[in-house]
1. In the chain, what is the count of Lys pairs whose alpha carbons are under 25 Å apart, counting only pairs at least 8 residues apart or on separate chains?
2. Run lengths n ≥ 4 of DSSP H only: what is the helix-derived mean residue ellipticity at 222 nm for the chain, with -39500 (n - 2.57) per run over all residues, to the nearest 500?
3. Mind checking the angle between helix 191-207 and the chain's longest principal axis? C-alpha axes, 0 to 90 degrees, to the nearest 10.
4. Can you give the Kirkwood hydrodynamic radius of the chain from its Cα pairs, in Å with one decimal?
5. Nearest 10 degrees is fine. How inclined is helix 63-89 to the longest principal axis of the chain, computing both from alpha carbons?
6. Please tell me the relative contact order of the chain in percent, rounded to the nearest whole number, where contacts are Cα pairs under 8 Å and at least six residues apart.
7. Find the Cα radius of gyration of the stretch 1-75, compare it with 2.2 N^0.38 Å by division, and give the number to two decimals.
8. What list of ³J(HN,Hα) couplings, whole Hz, do you get for the stretch 143-150 from phi and the Karplus terms 6.51, -1.76, 1.60, once you set θ to phi - 60° and write x for glycine and proline?
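Computed from the coordinates by the stated procedures, all read-outs in this text should not be read as laboratory data. Source: prediction; values computed, not measured.
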Amino acid sequence: MKRDATESRAFILLSGLFIGSLVISSVLAAKIVTVFGITVPAGVLGYCLTFICTDVISEVWGRERAGEVVLSGFVTLLACLGLIQAALWWPSAAFWQGQEAFQQVLGLTPRIILGSITAYLVGQYHDIWAFHFYKRLTRGRHLWLRNNLSTLSSQLLDSCLFISIAFAGKMPLVPLILGQWAVKVGIAGLDTIAVYALVWWIRRRRAFPAAEA
């Protein structure tokens, strides 16, 4: 019972972190930041956390459970975008003066929304597929290798789709794609330690339920 409760809590926490990071990333993307001279949406910071979560879930619980979390995140993202649009359209109170700022931060264009959703679905499902492809290739060894290889290819695919759909005909695509991918790779390169630590912690508590306080 203790082992089941620990495993359930870990899965719920990782799923919550995944969905929360995904949703807040769509809000943070309204701000453009500079990272070592490269301009990228601030949402990239939170979005990279989603790959940590899916890699840990894939390693511990398997491909099917990771796919369920990705689908849950997609449905949540759609619901949040609908709620944001409803809030933007809803007439504001006569005394409230923040509509312009509210619109500027949350008023995502249809192309950016479409690009985000498309890149999210393709990138996340590819990450799960690639992770398990490399897991079979390495016979379950070298977690650091499959974690990084799956994230590198998924982040590139995600960046290509999002930038192409959102900014085609508006901005130079190649510099934006390479810049966003470089920042994502830089951040994702730091997540290997987090993935190892989380996988070790979850498996340890599953293997030694008596250590539960």
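1. Within the chain, the lysine pair count is 4.
2. On the way: 8 runs with 167 residues, N = 213.
Calculated from helices alone, the mean residue ellipticity at 222 nm is -27000 deg cm²/dmol.
3. Around 50 degrees separate the two axes.
4. It works out to 18.4 Å.
5. Orientation of helix 63-89: about 20 degrees from the principal axis.
6. Details: 233 pairs, mean separation 58.6, N = 213.
The value is 28 percent.
7. That ratio works out to 1.29.
8. 4, 4, 6, 6, 4, 6, 5, 5
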